[in-house]
1. Could you compute the net charge surrounding residue D:236? Neighbours are other residues with a C-beta less than 15 Å from the C-beta of residue D:236; K and R count +1, D and E count -1.
2. May I ask you to rank C:102, C:168 by accessible area, largest first, using a 1.4 Å probe over the protein chains only?
3. Quick one: if you take sqrt(5λ) for each eigenvalue of the C-alpha gyration tensor of chain A, what semi-axes come out, biggest first, whole angstrom?
4. I need the inter-copy label distances for residue D:88: point set 7 Å along Cα to C-beta, values in nm with one decimal, smallest first.
5. Hey, could you get me the Stokes-Einstein D for the range D:231-310, Kirkwood radius over alpha-carbon pairs, 4 °C and 1.567 mPa s, rounded to whole µm² s⁻¹?
6. May I ask you to give the percent of accessible area on the protein assembly as shown that is carbon plus sulfur, with a probe radius of 1.4 Å?
7. Can you tell which of D:172, D:108, D:204 shows the greatest fluctuation in a Gaussian network model of chain D with Cα springs below 10 Å?
8. So, in Å, what gap is there between the alpha-carbon centers of the range B:273-324 and the range C:294-347?
There are 4 protein chains.
Amino acid sequence: MSGNSFGTIFRITTFGESHGKAIGVIIDGCPAGLNISLAEIQKELDRRRPGQSSITSPRNEADQFEILSGIYQNKTLGTPISLLVQNKDQKPEDYTSLATIYRPSHADYTWEKKFGIRDPRGGGRASARETVARVAAGAIAKQLLAQYKISIQAYVSAVGKVINPIPYSDLDLNNTENSIIRNPDAESATKMIEAINLAREQGDSLGGVITCIIKNCPPGLGEPVFDKLHADLGKAMLSINAVKGFEIGEGFQAGSMLGSEHNDPFEMKNNKVGTTTNHSGGIQGGISNGEDIYFRIAFKPVATIAQKQNSIDNAGNAVSLEAKGRHDPCVVPRAVPIVEAMAALVLADHMLRAATNKI
Amino acid sequence: MSGNSFGTIFRITTFGESHGKAIGVIIDGCPAGLNISLAEIQKELDRRRPGQSSITSPRNEADQFEILSGIYQNKTLGTPISLLVQNKDQKPEDYTSLATIYRPSHADYTWEKKFGIRDPRGGGRASARETVARVAAGAIAKQLLAQYKISIQAYVSAVGKVINPIPYSDLDLNNTENSIIRNPDAESATKMIEAINLAREQGDSLGGVITCIIKNCPPGLGEPVFDKLHADLGKAMLSINAVKGFEIGEGFQAGSMLGSEHNDPFEMKNNKVGTTTNHSGGIQGGISNGEDIYFRIAFKPVATIAQKQNSIDNAGNAVSLEAKGRHDPCVVPRAVPIVEAMAALVLADHMLRAATNKI
Amino acid sequence: MSGNSFGTIFRITTFGESHGKAIGVIIDGCPAGLNISLAEIQKELDRRRPGQSSITSPRNEADQFEILSGIYQNKTLGTPISLLVQNKDQKPEDYTSLATIYRPSHADYTWEKKFGIRDPRGGGRASARETVARVAAGAIAKQLLAQYKISIQAYVSAVGKVINPIPYSDLDLNNTENSIIRNPDAESATKMIEAINLAREQGDSLGGVITCIIKNCPPGLGEPVFDKLHADLGKAMLSINAVKGFEIGEGFQAGSMLGSEHNDPFEMKNNKVGTTTNHSGGIQGGISNGEDIYFRIAFKPVATIAQKQNSIDNAGNAVSLEAKGRHDPCVVPRAVPIVEAMAALVLADHMLRAATNKI
Amino acid sequence: MSGNSFGTIFRITTFGESHGKAIGVIIDGCPAGLNISLAEIQKELDRRRPGQSSITSPRNEADQFEILSGIYQNKTLGTPISLLVQNKDQKPEDYTSLATIYRPSHADYTWEKKFGIRDPRGGGRASARETVARVAAGAIAKQLLAQYKISIQAYVSAVGKVINPIPYSDLDLNNTENSIIRNPDAESATKMIEAINLAREQGDSLGGVITCIIKNCPPGLGEPVFDKLHADLGKAMLSINAVKGFEIGEGFQAGSMLGSEHNDPFEMKNNKVGTTTNHSGGIQGGISNGEDIYFRIAFKPVATIAQKQNSIDNAGNAVSLEAKGRHDPCVVPRAVPIVEAMAALVLADHMLRAATNKI
């Protein structure tokens, strides 16, 4: 009810404030007997952590995790897996001056209206630091999906006005991690890094777009009415901090196409049912059809900027503010593992939900 | 789990196949003591029903509803409200020839993979006829929201390549219902109707875009982590048949903006906290801030077209098919009340969820 | 949230008021491809219906059901099954005089405090007529369980002070339906009927106890912490009108036993793991162990009696009332199919939940 | 789905194995702005902890807790409260010999059938050590209920064959904590302690009964159909380790009463609606009526006994076992705070659920 849980059978609950003692997650419903690689979890946390490259926030969090329950001798027990990351690099004094100010396009005002109280230290639970928990849980979901050969790969396809113009199917997605911007196309990657450096110099910030591709998803996942596979993916993505848009397959472009252009005829491919084209993005009627699932997610620019801004305080007085603290000029590269994690959580859940579809 | 329910406190469950006996909905969690206008429910169903204008399907369903429970002397009892619409104009013989064929970009193949069985009559439960139930339930949610002066208005902002270029704030949304296309801008409305008529003549179909605006939403609605208000709105919209994209506020455009352009400074407006601009679309950190909430939804073109198409049957044989039956060349105008209904369901639920946020 | 739904994967939602148009149920999550016998459903409804014998209420309801969705060519589609029973023998005029009176040990007062409004016609939704919906849904759950050879049989083991003293394992449960009291022991059955007839003559009512036995439940059903199999069975039973107690295995008797008396040692039986005794009632740590599951449910006497009673009206005035209308002096025999139905719903749900316990 | 969560709006999720790193709980949905006394939480944990008196297990756990999130400056933030208790006195070597043996009336066999794997260290998550988490969460629920003057008090009313014969209303419940057995009647308390000491000497164990009373519950709590207040209380109690029975009001005794004896007439008491008698136990139609809510819970004797027992191992071989380790001969006194905690969780949840019952 309070929206701190996600999923139905494979279900996570996250907790923790940005500058509280820890961020954590409970993963309930993971089947027993799954081998867990702890290194794979740390690898995903490292992809998300601040301070990993020259274009990210210098907040220095090693983000080492600890598992308190649910895994015994490297195997899941079928009981809740609890996973904790201590908050180490807390400097709450950076934030006390902001306790009464409503920062533009932050959640300060809306939380105060909702709860009558807020934790001013680094945005409290409104901070994207909460996504540490999602990435950790997603790393376990990925290991479950790997049993079924399902892979999830995301990359940065736009930063500000710089666009990677190449279709995903012509990219080598294994190159994504080779660039600090997480764009497998070297040419646009270089321009994106330049754009971020320029924004930082100007005390400004940038948004962007991430593209995500799911391969080897078996046909039959997704519930056909409200919990369509792409509706759950869309909600998962829109629940990530700073996301303002989601589209699957042709997305908004589909609105301007003719039915005769957009339809994907079925055909036999290697003795399996497939489609000749894939405008649908691998999902029809809310259910996966076995083709690649691909979707795009739009991120707004980071709200915290170093330029002077006008706003008000909680007494209604006009104030002028200028961000201090340690912030990314563009979060999109660090959001790549978050996108993958949320996609993995959706897929793992629907994989388990599908287990009882038929006699 | 099976995804036929939507909402948490204000929760609906829909049922029914396109050519079964009836489509219906159970609305659970509507507070007791709410006065219900049956005429308002019928009005919304009439906006959705086929055969309402020259540009919609000639399937002739009066879509008259019956309430079986939950309302006594025109007031809600606090018990489940059950509402039924009989399917009258059933012509299942139109569909028997399709029982073994996988129509392109329809859900025939994916349902069969999921359930091992499907109802071939008009798509069964995959048909958009299921949205009758949503519109009826949404009409009750709207009456609950009206108690708080919250209004929801959607309109068609694009059909195929024809776009209504005027920002919503410069339109008179009360004109929406005056045109059969549900676009309050007369100039682009005319072109949209022409485009639809052309598509029909060519045996083709068109997609489009709907814009939806929620006014007078109080600040404080939405749960801050997974159930962000726009994440729930996004899921609601993506669960509507044929929807391929959702964006809120600046949406995908936000990805190419600078933080200094996109941020919405707070200011006092008539002694209330407001924002100078509204790039955020009325939601910050997943919680409403009191400004207008606006979002856009992309619809793919209708999959059923009168042109000859290639596909396969369930034995893997190549087939050629040509749609008969009664279909809309463009469903977007009829989707306007569906979009409003789903938005109303999300808002009603979050309104009730907010009741226990603080002591 | 409003408590009109039961179950998680196999999930039902009931609706309808006692003297409204209909009572119904939506069954969501039943796997696709299950053959459904409509006759089996009617048989269960007939076991529950009023007017079936000399010791039950003369309210005359045929309780014929109609299925609106979810079943096609006698097979489940995997979509919501909706099932409706019209209320035919409505005599709301019997009840109008009660609209302002709080009947002793009825829900009139508590509903009014909760909802601020109530349907006075026959108790509205507080009436045990709601259990028609449970029995219908349970009849489908039983057909699912029959696939796994799981059987559920309940019988009346006490009425007022008359007790059937024979352990269930020494009874032939196939005799249960041979007596109108649903007690397979002829001797105590006769005394129970006499007790009921005497209570009716005196304008009084009686409670009783039902014993229920589940055979062939496979080991491994039940979730070990909050959703223990017997905790869910207990809730299911306590949710039936007039139930005041539930005990499993030795139940309250276990409280006075020694560990050395109560423990059930494991042993091999026909090459399968079993227990030498079964004081536990077939469940250990909340999970079935393969032995018979047996439990007892206590019913209070019917609140509606023909004797004059004192109470107050909703203005606080003292009133004297004497029941008219058509009521059972003892509902326990008619509750037997309700108990079985609720048990079947719990088992069907846990059977599906167990599908994802391990890799 | 996996049953590690309890509640709907006020919802807890527990995690942790008996001899893992920690036991913990996430409390989600607690309203913001509630003052929290940490001392009250510790007090409840101390009532539950082993080693507190001569009649409890010598396992020595201080059970000091740590709060990781959700509370800031002693006030709830409206975000998830996470609370952890480290497991300090772990001696897993006590248990390795049991890894392949199915102990009688323990959950070893059933867990293995369910999950295919189990944590043999002290029963893993099947251990009643999990209830540390419930007591901690219940201590927060109690603080929420205290805002509404609702109090919950339980006591031991039977141990083995020793019964406290005095009705709760004639006892001074404030004396409960004065005896190590938690029975406010000194005479039967002494006999209970003697019975426990005798059982220990004989290497045996005892069960018992706890009675719980809720005072000042406002009328109107409880959902009328499946989530009746006593059905949720019953499930809560039956989910506690070793519980085999639950009864409310007259309970099983009600089955042998006449309607004219059992009915509770309404009357005005101090200008408020009340009932002359309270056979119903404060709940009618599943909804509280403002009178005392009282119920009884039966506990089986502890399964671990020091006597030699026969059983089998997981290869089906007969084995003889004799418990070592540190165990209580009777857990009932330590279960008193667990019963109160579970009751508090049910009440807190229904208090919040009632917030949206009417317009």
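The values are calculated or read from the model by the stated rules, or taken from the named source; none is laboratory data. Please read all numbers here as calculations on a predicted model, not as lab measurements. As a convention, Cβ positions derive from the backbone with ideal geometry for all residues, glycine included, and neighbour counts pool all protein chains shown. The area values use the complete protein model at the heavy-atom level, side chains included, leaving out ligands, DNA and RNA. Shrake-Rupley method; radii C 1.70, N 1.55, O 1.52, S 1.80 Å.
1. 0
2. My answer, sorted largest first, is C:168, C:102.
3. 34, 26, 19
4. 2.6, 7.1, 7.6
5. Translational D for this selection: 87 µm²/s.
6. Carbon and sulfur: 48 percent of the exposed surface of the protein assembly as shown.
7. Among D:172, D:108, D:204, the largest mean-square fluctuation in the Gaussian network model of chain D belongs to D:172.
8. Answer, in whole Å: 52.
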